[in-house]
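Data block below; observations after.
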Amino acid sequence: MNEIPLPAHVHYEILLQMLEQKTLPATSQQPALREQARELIISLRKAFSQQKHFESFCSQTGQDFDYRWSLSTDQPTATSHQEA
């Protein structure tokens, strides 16, 4: 079976840090924008959680997956994962 490419977890972490540490404070005077930023953070956390569930399912079914750092196929990838 071919490895399934997935975003490295750090991609989510960087986006969440940016939104929580920079975007939210910048919207403190605008409640509507602040609420939209919070919804964006919630959506991103859900996406990250769904990816973790997908990874768990891959592991349970013996499907290899590979964390990717970019879209380029010639870039080094993170460690591949497979549960025995």
Quiz prompt | Accessible surface, the stretch 25-70, averaged per residue in Å² (probe 1.4 Å) | solution = 68 Å²
Quiz item: FRET efficiency for Ala47 and Leu71, Cβ-Cβ distance as r, R0 = 22 Å, nearest 0.05?
Solution: 0.80
Exercise. Could you list which residues have their amide H under 5 Å from that of Phe65, counting only those 5 or more apart in sequence or on another chain, with H placed in the peptide plane?
Key: Ile4, His81
Quiz item: Counting other Cβ atoms within 10 Å, which chymotrypsin sites (Phe, Trp or Tyr not before Pro) in the stretch 1-73 have at most 10 and lie in a DSSP loop?
Solution: none
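The values are calculated or read from the model by the stated rules, or taken from the named source; none is laboratory data. Because the structure is predicted, anything quoted here is derived from the model rather than measured. Glycine gets a Cβ as well: all are built from the backbone with ideal geometry, and neighbour counts include every protein chain shown. Protein only, heavy atoms only, side chains kept; ligands, DNA and RNA dropped before computing areas. Shrake-Rupley method; radii C 1.70, N 1.55, O 1.52, S 1.80 Å.
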